[in-house]
């Protein structure tokens with residue numbers, strides 16, 4: 001049986017230059033399939049707001065949403081390391097609030113670790129979680145919870161001052177005790193520089209080839225959306241959206257044409273049993289005959 005990774009093993013993977021594979025999942029079947037495929041880490045991302053709940057951003061996602069989906073993922077991937085996002089404004093409100101909300105993800109959501117967006121500005125809360133025994137994954141670069149502040153989904157680190165800030169943020173998160181950092185939509189040279197400067201693994205998404213691992217959103221990898229919007233940093237490995245749409249369309253056509261269900265989809269019963277169910281038996285002291293008469297009378301009506 002597969003043994004789940006730990007934060008110690010993940011750090012050793014960086015040291016041995018073994019790439020780390022991470023994928024989002026939001027429910028039992030997707031988590032189970034990801035585990036069976038051999039994924040190293042599952043991220044229960046607040047991206048579920050976009051791809052599962054139908055929001056335009058991750059901002060409306062609540063802590064209850066994350067607990068619910070994390071618990072479902074944990075049931076499906078019992079032998080995989082699970083990281084769950086703390087959603088918008090469930091941290092940055094002081095250590096006590098962050099700890100209380102992070103504890104819910106581990107206790108109720110059954111996650112092994114949490115992920116927070118931000119750099120040096122949240123280092124104190126990261127440190128508090130780590131001291132309390134809660135493993136923390138950082139997340140810098142494009143931080144979707146701050147999309148309005150950033151002015152949209154833009155590549156980060158193009159300017160020198162931005163690059164310097166991201167390097168400082170990464171080092172601050174490592175110093176605070178984070179076991180790994182996600183780098184999202186960061187220029188490839190900067191992501192490679194950050195990865196080289198840290199002793200903890202980096203997980204890239206739209207950050208090029210120099211990271212210690214990669215993460216993709218489940219629905220992007222499988223093109224499971226309608227309509228699907230192409231993304232430069234994503235490689236799709238299947239087109240489930242078209243497959244699912246065509247399959248449902250074929251079902252609708254079959255129902256309309258009365259070609260489904262057919263005989264092989266139905267269940268039969270012995271004629272004698274059917275007679276007893278409809279008309280009763282000869283042992284019912286004439287009640288069956290009365291029932292028979294009523295059925296005939298109703299049919300004449």
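No lab work stands behind these numbers, since they all come straight from the coordinates. These numbers come from a predicted model, not from an experiment. Heads up, the Cβs are rebuilt from the backbone with ideal geometry, glycines too, and the neighbour counts pull from every protein chain shown.
Rounded to the nearest 5, what % of the DSSP beta bridges within the chain are antiparallel ones? Taking every DSSP beta bridge with both residues in the chain, the antiparallel ones total about 5 percent. Of 174, 264, 117, the sequence from fewest to most neighbouring Cβ atoms within 10 angstrom is 264, 174, 117. Ranking of 57, 202 by neighbouring Cβ atoms within 10 Å, starting from the fewest: 57, 202.
The residue 274 and residue 28 beta-carbon pair, evaluated with R₀ = 45 Å, returns a calculated FRET efficiency of approximately 0.70. Prolate is the label for the chain. Its Cα gyration tensor axes, ordered a ≥ b ≥ c, give a/c of at least 1.5 and a/b above b/c. Taking the square roots of 5 times each eigenvalue of the Cα gyration tensor of the range 3-109, largest first, gives ellipsoid semi-axes of 24, 17, 13 Å. Residues 253, 16, 146, 47, ranked from the fewest to the most other C-beta atoms within 10 Å, line up as 16, 253, 146, 47. Extension gain for residue 161-residue 89 works out to 23.3 nm (0.36 nm per residue, less the C-alpha to C-alpha distance). The ellipsoid that matches the Cα gyration tensor of the range 1-40 has semi-axes, each √(5λ) in whole angstrom, of 22, 10, 9, with the longest given first. Against the chain, whose longest principal axis comes from its Cα atoms, helix 188-197 is set at around 70 degrees.
Principal-axis analysis of the Cα atoms of the chain puts helix 63-76 at an angle of about 70° to the longest axis. Mean separation of Cα pairs under 8 Å and 6 or more residues apart, divided by the residue count, gives the range 7-242 a relative contact order of 17 percent. Helix 160-176 versus the longest principal axis of the chain: what angle, 0 to 90°, nearest 10, using Cα atoms? So the inclination is approximately 80 degrees.
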